[in-house]
Amino acid sequence: MHKNRVNILGTEFDNLTTKQFHKYLDDDLDVNANRFIVTPNPEIVLSARKDTNFSEIVNNADYVIPDGIGIIKGAKSLGTPLPERITGFDTLQYLVETANRKLLKVYLLGSKPEVIQASADKIKKDYPQIDLVGYHDGYFKDETDIVNEIAEKKPNIIFVALGSPKQEIFINKYRNKADAIWIGVGGSFDVFSGTKQRAPKIFQKLNLEWFYRLIKEPTRFGRMLAIPKYMRLIKKEKKNNS
Ligand code: UDP
């Protein structure tokens, strides 16, 4: 495994292009490697600073991938640039396509019942070569049955959409139950299933996806205050370094 990482306020990101990352995932799938992917954004970097246990879980993942333009800007500003943003959603998309191509077993966990159902239906319809071995919404009281099902069905890829830090804690606890690629995908099923729209291309291009999400879901405002706070900390760190 490569270990070329860039430290952004305590979170260690992999210095990889999308192409390199995808090649690693292809190789991992070919040998059935047990892997854990996290895709931190500035909000997660800040939570990890406050919670050592969560920080250890994130930094011990096999892949720590920069989701969010804030991470790319921060890395550049600190003089340790990362090549490009790689979102959890794009990674989900790549893994689904790869699973279809390689005829792999997939398990979906998390999000609301109607969202996970719609995601499962979409996989069955649009990716017919995937062997969808199971799926479950993310509002369970006891995970025993879910974990047993995963251990029994042995999926090659397990998508976990419980939001952070729940999904990372879940994966860290149970990844030994199946040699799979485990990835925390946050709200990606909401978009994948068509329940929520992703920002129009123009917003994505201008790095204003966050702004689009804010107008669509004003309740996210509190969470978004993490971004200016993160930027202030980057500036402070830069000063300390110089
Ligand atoms: N979620 C869940 N169980 C929970 C809490 C959240 O399944 O107990 C799901 C929720 O339905 C949503 C996702 O986790 O699909 C988290 O979405 P959010 O937008 O917070 O994630 P982000 O992508 O911003 O990390």
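Every read-out reported here was derived from the displayed coordinates using simple, explicitly stated rules and does not represent laboratory data. Fair warning: this is a prediction, and the values are worked out from it, not measured in the lab. No Cβ is skipped: glycine too gets one built from the backbone with ideal geometry, and neighbour counts run over all protein chains shown.
For the pairs 19/173; 122/154; 50/122, note any where the Cα-Cα span goes beyond 31 Å. Could you put the intermediate results ahead of the total?
Values: 19/173 29 Å; 122/154 21 Å; 50/122 38 Å.
As for pairs spanning more than 31 Å Cα to Cα, those are 50/122.
Which one of 148, 24, 176 is farthest out on the positive end of the charge dipole of the chain, using unit charges on Cβ (Lys, Arg +1; Asp, Glu -1) and the Cα centre as origin?
24
Taking 25 Å as R0, compute the FRET efficiency from the Cβ-Cβ separation of residue 102 and residue 141 and round it to 0.05. Let's see the in-between values first.
Values: r = 35 Å, r/R0 = 1.39.
About 0.10, to the nearest 0.05.
What relative contact order, as a whole-number percentage, does the chain give when Cα pairs under 8 Å and 6 or more residues apart are counted?
RCO, the chain: 22 percent.
Given the rule -39500 (n - 2.57) for each run of at least 4 DSSP H residues, summed and divided by the residues of the chain, what is its mean residue ellipticity at 222 nm, to the nearest 500 deg cm²/dmol?
It lands at -15000 deg cm²/dmol.
Percent relative contact order of the range 1-100, based on C-alpha pairs within less than 8 angstrom and at least six residues apart? Numbers along the way, then the final one.
Values: 121 pairs, mean separation 30.6, N = 100.
31 percent.
So how much slack lies between residue 80 and residue 229, counting 0.36 nm per residue of separation and subtracting their Cα-Cα distance, in nm?
51.6 nm
Residue by residue through the range 186-191, which ³J(HN,Hα) values in whole Hz follow from phi under the Karplus form 6.51 cos²θ - 1.76 cosθ + 1.60 (θ = phi - 60°), with glycine and proline marked x?
x, x, 4, 5, 4, 7
Can you give the Rg/Rh ratio of the chain, where Rg is from the C-alpha atoms and Rh is the Kirkwood radius?
0.95
Let's test this: bin the Cα-Cα distances of the range 1-89 at 5 Å from zero up to the farthest pair and state each bin's percent.
Reading the bins upward from 0: 3, 15, 27, 26, 18, 9, 3, 0.
Rounded to the nearest 20 Debye, what is the dipole magnitude of the range 159-240 about its Cα centre when Lys and Arg each give +1 and Asp and Glu each give -1 at the C-beta? Mind showing how you got there, number by number?
Values: 18 positive and 6 negative charges, 90 e Å.
Here the range 159-240 has a charge dipole of around 440 debye.
Mind checking which lysines have their C-alpha under 17 Å from residue 23, skipping anything on the same chain fewer than 8 residues away?
Straight-line reach from residue 23, under 17 Å: 3, 102.
Dipole magnitude of the chain about its Cα centre, charges +1 at Lys/Arg Cβ and -1 at Asp/Glu Cβ only, in debye to the nearest 20?
Roughly 1160 debye for the chain.
Can you list the residues, at least 5 places off or on another chain, whose amide H is less than 5 Å from the amide H of residue 162, using H built in the peptide plane?
Hits under the 5 Å cutoff: 167, 185, 186.
Given a Förster radius of 30 Å and the C-beta distance between residue 208 and residue 112 as r, what FRET efficiency does 1/(1 + (r/R0)^6) yield to the nearest 0.05?
FRET efficiency, residue 208 to residue 112: 0.65.
Can you tell which of 4, 61, 133 lies farthest toward the positive end of the dipole of the range 1-160, using +1 and -1 charges on the Cβ of basic and acidic side chains (Lys, Arg; Asp, Glu)?
Looking along the dipole axis, the top candidate is 4.
Can you bin the range 85-188 into rounded, prolate or oblate? Criterion: square roots of the alpha carbon gyration tensor eigenvalues sorted a ≥ b ≥ c, rounded for a/c under 1.5, prolate for a/b above b/c, oblate for the rest.
Rounded, since a/c falls under 1.5.
At q = 0.17 Å⁻¹, what is the log10 ratio I(q)/I(0) for the range 109-242, with the Debye formula run over Cα points and no solvent?
After summing over all Cα pairs, the log10 values are -1.02.
Among the chymotrypsin sites (Phe, Trp or Tyr not before Pro) in the range 105-169, which ones are in a DSSP loop with at most 14 other Cβ atoms within 10 Å of the Cβ? Mind listing them? Mind dumping the intermediate values first?
Values: sites: 107, 135, 139, 140, 159; in loops: 139, 140.
Qualifying residues, ordered by number: 139, 140.
Taking 0.36 nm per intervening residue step and subtracting the Cα-Cα distance, what contour gain separates residue 201 from residue 32 on full extension?
Values: separation 169, 0.36 × 169 = 60.84 nm, distance 3.49 nm.
Stretched fully, the residue 201-residue 32 segment lengthens by 57.4 nm.
What is the dipole size for the range 191-235, taken about its Cα centre, with +1 at each Lys and Arg Cβ and -1 at each Asp and Glu Cβ, in debye to the nearest 20?
100 debye
Taking the Cβ of each residue in 143, 152 as the centre, tally the other Cβ atoms inside 10 Å and list the residues starting with the fewest.
Going from sparsest to densest Cβ surroundings: 152, 143.
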